[in-house]
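Trainee: Here it is, the structure, as structure tokens.
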Amino acid sequence: MRNFKVLIAAAFVFAFALSVFGQSKTEIFGYYSIVKATKEFADISEIHLAGNYGAEQKPKFYGLIRLKAKKAKDFQLLKPTLTGKKLNFSTTKVNGISYKFTGKFTKLGNFPELQPNGEVLLTGTLTKYRGKTKIALANVKLSYQAGD
């Protein structure tokens, strides 16, 4: 009977450790959509964050901002910084326009595995520039989609 209790206790400890340590991997890969976009940002289809997957590619790929217009060129993300839950990035210029984002995740996790589709995971300030001139700014909430 004593061995059985030890076995049960060990199983609980193992299950607890697996649940705690199994979720410790942070992977932000996914597609993020602006919830209730203002008119200045209504043309954005999605913000793609490539996460760890993109950082391992050669050349490195960090993600993009994609517009709704089919022939529009994507705005490539320059190397973003993720410090704790804080995320910052800027983009390349396309026809003189670029973007900058400063915000934070509401939570972190291994999103491709958890797939919190439709959940707002990222909030912050999105700024649009023409050259060095700020032409639009909005506080945004971004919902997650796993994608293909």
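Read the figures in this text as sums done on the coordinates, not as results from a lab. Predicted model, so just to flag it, every value in this text is computed and none were measured. We place every Cβ from the backbone using ideal geometry, glycine too, and count neighbours over all the protein chains shown.
Trainee: Report the calculated FRET efficiency for K107 and A42 (r = Cβ-Cβ distance, R0 = 30 Å), to the nearest 0.05.
Mentor: Computed FRET efficiency for K107 and A42 comes out at 0.65.
Trainee: One-quarter of the Cα convex hull surface for segment 17-136, in nm²?
Mentor: Result: 8.2 nm².
Trainee: A further question follows. Considering only Cα-Cα distances, which of the following residue pairs are longer than 21 Å: K71/K93; K25/K107; K70/K141?
Mentor: Listed pairs above 21 Å: K70/K141.
Trainee: Report the percentage of all Cα-Cα pairs in segment 75-115 whose separation exceeds 13 Å, rounded to a whole percent.
Mentor: In whole percent, the share of Cα-Cα pairs in segment 75-115 beyond 13 Å is 60.
Trainee: If eta is 1.002 mPa s and T is 20 °C, what Stokes-Einstein diffusion coefficient results for segment 23-84, Kirkwood Rh from Cα pairs, in µm²/s?
Mentor: 167
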